[in-house]
């Protein structure tokens, strides 16, 4: 999420949610034993690491035989390095072998910073149990309007997956002990997590100061009480929850057992789909009982509900590490490209990779998997990732793609299919937790971030971000924003030309013209979140050639006959020139086959949007910051 001045985020919690927060703040959950069926700590030496420690020194593998204090010390050293390292090159993967960590009296309590992955190595989340906590707290900033100023608005780029957390706050104060806190925003996925015996809070209500959070994705998981708190938009997909505390703006549920009803929308801003039409879970590393390291590639599912692991083994295929080229950041792009040309899969160990030529996926069934927020940075205008039109059943997961100083045509291009037809219910390409970034740690330029020309693509959680802040060498304030508009250039975020493309969790922000332009038929989107660019210097810079005031945050092509969107929001914050106006948040053709369900616009302090969809829906402006304009359905009947 891009961050306006924090007071624009002052969205009060609903009364029931506030009461719940007060209630849970005093709870200290009892220490809990491992759940039934969980693997016991190893009584024999740990299996060997991958050959020749091929995963590198930024992959840290823990074993349950290690003392809790030793694990905490190592994890805390990495957190201390990464807690404020928003634009750094550090990348880390903390992997936990199957077994139980921590105890009732001595819980394992660790925190997760930027560019850090925490994951279990079991075949199921039940095989790796943390008796304690794995948490993200508010980040306390030194340049806020007040001191201390502690928020979660910029807590990006981290993940937690494939383990069970028995919430144990022993040794923490009463507030901190009340929940496992995951106070994060965009690009911070929770997947295959089982949170037991305590609350999962998606905001940090304990750290001093305001506690805003904005972003969010929970998939293939199970939790008891979820405290949504100040999370402004969130997608929960194919999960199971005991209860959900509240919502702010866009709170979307798909295929989730126990999801709240959408009957009272927008008083309760929930959007609920009973089942997810198309889903495919992210591939993951695991270690089998003989010590072999494998990558599990889950099968796709249709019309699905609930996690894929609670009733047995996750359906899918196991790939041995020998089928992967295990890449390291010091390898040139030609080495990675050659491995793909030989038909190998690609495992990107943590780090930042300079990519001066396209990594082209030509073989059907190829898996490209990144560990520890592995990042591919365009060099000399290259398009870092290309899926060739002859390939199908491709999976790209856990990768961030950065624009470089020289303009690219695109950061990822999924080419139109050639030489094969549709493959039934299997997506032609699946993207899981694939993020795009233009600017931030350095100047970035691209014509478009993600271009999808192929049919039957599944995008499962992406954040496509033209940076509104960073260390590009510009001064802070309006002057710096104006420089950013001229230097960090990216007209288009996402272009979809293929048919039957599904997206679950599509976050696209700050592009200078089209954030998302959808030209393919039968598109299906579950949760769309957008912020218009903060930094147009003037209305003239934010006016289309035909005189229309600005570009919609989400646009469906004029010729499209069938399209569906469930739960969408477009936000405006024109901090360079508060008088800038955008004609509409969403632009779609007026026909019965194009339907939007539960969409809204909102002003974050400056600028205005005249209508929600086309010429329908009330204006939002700075007279009522933070108050959305909602449409339950477009067209209305």
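Can you tell me which residue within region 276-291, out of those that are touching a residue at least 60 places away in the same chain (Cβ under 8 Å) and not in a strand (DSSP E or B), is surrounded by the fewest Cβ atoms within 10 Å (Cβ to Cβ)? In this case the residue turns out to be 290.
If you go through region 292-304 and pick out every residue that is under 19 Å from residue 427 (Cβ atoms) and either in contact with a helix residue (DSSP H, G or I) (Cβ under 7 Å, 6 or more places away or on another chain) or crowded, with 18+ Cβ neighbours inside 10 Å (or both), you end up with 7. Those strands (runs of 3 or more DSSP E) of region 297-411 in which 2 or more residues are under 24 Å from residue 96 (Cα atoms) occupy 316-320, 324-327, 345-348, 367-378, 394-402. Here residue 610 fulfils each of the conditions (1) surrounded by fewer than 20 Cβ atoms within 10 Å (Cβ to Cβ); (2) modelled with pLDDT of 95 or more; (3) in a loop (DSSP other than H, G, I, E, B) apart from (3). For region 163-177, the criterion of being surrounded by fewer than 24 Cβ atoms within 10 Å (Cβ to Cβ), free of Cβ contacts under 8 Å to residues at least 40 places away in the same chain and not assigned by TED's automatic domain parsing to the domain that holds residue 504 is met by at least one residue.
Inspect all residues belonging to region 115-133 and state whether any of them is assigned by TED's automatic domain parsing to the domain that holds residue 83, more than 29 Å from residue 320 (Cα to Cα) and in a loop (DSSP other than H, G, I, E, B). Checked against the condition, which is being assigned by TED's automatic domain parsing to the domain that holds residue 83, more than 29 Å from residue 320 (Cα to Cα) and in a loop (DSSP other than H, G, I, E, B), region 115-133 yields no hits at all. Number of residues in region 562-575 that are free of Cβ contacts under 8 Å to residues at least 60 places away in the same chain, within 21 Å of residue 277 (Cβ to Cβ) and buried (at least 20 other Cβ atoms within 10 Å of the Cβ) equals 2.
Of all the residues that make up region 436-447, how many are part of a strand (DSSP E or B) and crowded, with 24+ Cβ neighbours inside 10 Å?
4
Restricting attention to region 341-373, the residues that are out of contact with any strand residue (DSSP E or B) (no Cβ under 9 Å at 6 or more places or on another chain) and at positive phi add up to 1. Yes or no: region 560-575 includes at least one residue that is out of contact with any strand residue (DSSP E or B) (no Cβ under 9 Å at 6 or more places or on another chain) and part of a loop (DSSP other than H, G, I, E, B). Yes, that holds for at least one residue.
Which members of region 577-588 meet the condition of being under 15 Å from residue 551 (Cα atoms) and in a loop (DSSP other than H, G, I, E, B)? If the condition is that a residue be under 15 Å from residue 551 (Cα atoms) and in a loop (DSSP other than H, G, I, E, B), then 580, 588 are the ones that fit.
The number of residues in region 153-175 that are modelled with pLDDT of 95 or more, within 30 Å of residue 441 (Cβ to Cβ) and not in a strand (DSSP E or B) comes to 3.
Please find, within region 540-556, the residue that is farthest from the chain's Cα centre (by Cα) out of those that are touching a residue at least 40 places away in the same chain (Cβ under 8 Å) and part of a helix (DSSP H, G or I). Here the residue is 541.
Which residues, taken from region 414-434, are in a strand (DSSP E or B) and surrounded by fewer than 24 Cβ atoms within 10 Å (Cβ to Cβ)? Of everything in region 414-434, nothing turns out to be in a strand (DSSP E or B) and surrounded by fewer than 24 Cβ atoms within 10 Å (Cβ to Cβ). For residue 323, the conditions (1) buried (at least 22 other Cβ atoms within 10 Å of the Cβ); (2) in the same structural domain as residue 565 (by TED's automatic domain parsing) are fulfilled apart from (1). Exactly one residue among 578, 537, 589 is in contact with a helix residue (DSSP H, G or I) (Cβ under 7 Å, 6 or more places away or on another chain), in contact (Cβ under 8 Å) with a residue 12 or more places away in the chain and surrounded by fewer than 22 Cβ atoms within 10 Å (Cβ to Cβ), and that residue is 537. Of note, residue 97 satisfies the criterion of being farther than 30 Å from residue 377 by Cβ and at pLDDT 95 or above.
The single condition among (1) in a loop (DSSP other than H, G, I, E, B); (2) modelled with pLDDT of 95 or more that residue 475 does not satisfy is (2).
The values are calculated or read from the model by the stated rules, or taken from the named source; none is laboratory data. Computed from a predicted model, the values in this text were never measured in an experiment. When we count neighbours, we look across all protein chains shown, and the Cβ atoms used for this are built from the backbone with ideal geometry, even at glycine.
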